[in-house]
Amino acid sequence: MRAPVTKIVLIGGALVVFVLLYFAPKIKTAESSDAAAAETIKVDETVRLDIYLRTAVKNLSPELKQLMDKQRSADSLISFWSSQKRPDLAAHFSEEKAMQTGKASDWFLAGNRYYYSVQFIKDKTEEPVLIQSSARCFKKGLVLEPENTDARIMLASAYVESGSDPMKGIGLLREIEKKDSNNVKLQLSFAFFSLKSGQTDKAIARFKKVLKIDPAYLEAYLHLADAYEQQGNKEGTIEMLEQYVSKTEDAVVRLEVSKYIKQLKETK
């Protein structure tokens, strides 16, 4: 089975996807229906990465263990574990930092670190711990900034990913959509969940809406190519990739994607 084109481009080292955090200003207003919905989402306050941290420390070389022991601040430990390619443990210390500062922005950053570290872990037993930890951080940040739409989207997404009651998370996303249907992060969340549940037609519609909202969001063409490829629609896949190549300014990315387009055409 062929790997998704987005993965091929990533493996080629040409495309780096950054998680963009948009923090809305702190506004104290009457609680909206979607903010109220966020309050009903239950998260596990007890799950921690302690066991995974202990195992990771145990497996460090003596030199690295000595280096780690010299790190005194949460920021330095975040940097240390990031350098060891352990974004999950960097997220753990991001949460430690949020507990120290009490800032909403730090809680949201920790939540994002937990959420996006899932794709890099090798031990899949850690995944539910990361998702629950992500939800916990977003919820604590929302106590301070209840009107932060992006954080509510991420809380809902974490709840969907947790699998305990995904429709509650979907319900929160739908409440947000009633007020802010042109939110790119919201539309992407719906699209990815549609893909995950095998509803590729709905995912394609969502990715196309992303491009209508923000034509500069070029990664949407890669996601569309993946969706069409899942459908077995080679023409649609090629069309989306050619659109991407025509718009990206990254010469290395153009080369990687063009190679893939050529492979697809040769197997038509």
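Before moving on, here are some points about what is shown:
- Extreme residue, nearest to the chain's Cα centre (by Cα), among residues of the range 69-126 that are within 28 Å of Thr149 (Cα to Cα) and among the acidic types (Asp, Glu): Asp88
- Restricting Val47, Val9, Val57 to those that are β-branched (Val, Ile, Thr), over 21 Å from Cys137 (Cβ atoms), at pLDDT 55 or above and open to solvent by less than 70 Å² (accessible area, probe 1.4 Å) reduces the list to Val57.
- Selected residue [in a helix (DSSP H, G or I), open to solvent by 30 Å² or more (accessible area, probe 1.4 Å) and in contact (Cβ under 8 Å) with a residue 24 or more places away in the chain] from Glu242, Glu177, Glu229: Glu229
- Among the conditions (1) at pLDDT 50 or above; (2) open to solvent by less than 60 Å² (accessible area, probe 1.4 Å); (3) under 29 Å from Ser164 (Cβ atoms), Ala24 misses just one, which is (1).
- Comparison of Ser194, Ser164, Ser105, Ser157 shows that the only residue that is without any contact (Cβ under 8 Å) to a residue 24 or more places away in the chain and within 30 Å of Ala56 (Cα to Cα) is Ser164.
- Taking first residues from the range 73-102 that are in a helix (DSSP H, G or I) and partners that are open to solvent by 10 Å² or more (accessible area, probe 1.4 Å) and polar (S, T, N, Q), the Cβ contacts under 6 Å between residues at least 6 apart in sequence or on separate chains come to Leu77/Gln71; Phe80/Gln71; Ala90/Ser82.
- Of the listed requirements (1) among the polar types (S, T, N, Q); (2) surrounded by 15 or more Cβ atoms within 10 Å (Cβ to Cβ); (3) modelled with pLDDT of 95 or more, Ser32 misses just one: (3).
This table checks each residue for (1) part of a helix (DSSP H, G or I); (2) without any contact (Cβ under 8 Å) to a residue 12 or more places away in the chain; (3) polar (S, T, N, Q).
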| residue | (1), (2), (3) |
| --- | --- |
| Asn182 | no, no, yes |
| Ser189 | yes, no, yes |
| Val210 | yes, no, no |
| Pro215 | no, yes, no |
| Ala220 | yes, no, no |
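- Residue within the range 150-159 that is touching an Asp or Glu at 6+ places or on another chain (Cβ under 7 Å) and β-branched (Val, Ile, Thr) present: no
- Flag for Leu64 being open to solvent by 30 Å² or more (accessible area, probe 1.4 Å), of a type in the set (A, V, I, L, M, F, W, C) and under 20 Å from the mean Cα position of the chain (by Cα): no
- Some residue of the range 155-172 being open to solvent by less than 40 Å² (accessible area, probe 1.4 Å), out of contact with any strand residue (DSSP E or B) (no Cβ under 8 Å at 6 or more places or on another chain) and either assigned to a loop (DSSP other than H, G, I, E, B) or of a type in the set (D, E, K, R) (or both): no
The values are calculated or read from the model by the stated rules, or taken from the named source; none is laboratory data. Because the structure is a prediction, the values reported are computed rather than measured. A quick note on method: Cβ atoms are made from the backbone with ideal geometry, for glycine too, and the neighbour counts reach across all protein chains shown. Ligands, DNA and RNA are stripped out before the accessible areas are found, and what is left, the full protein with its side chains, is counted by its heavy atoms. Shrake-Rupley method; radii C 1.70, N 1.55, O 1.52, S 1.80 Å.
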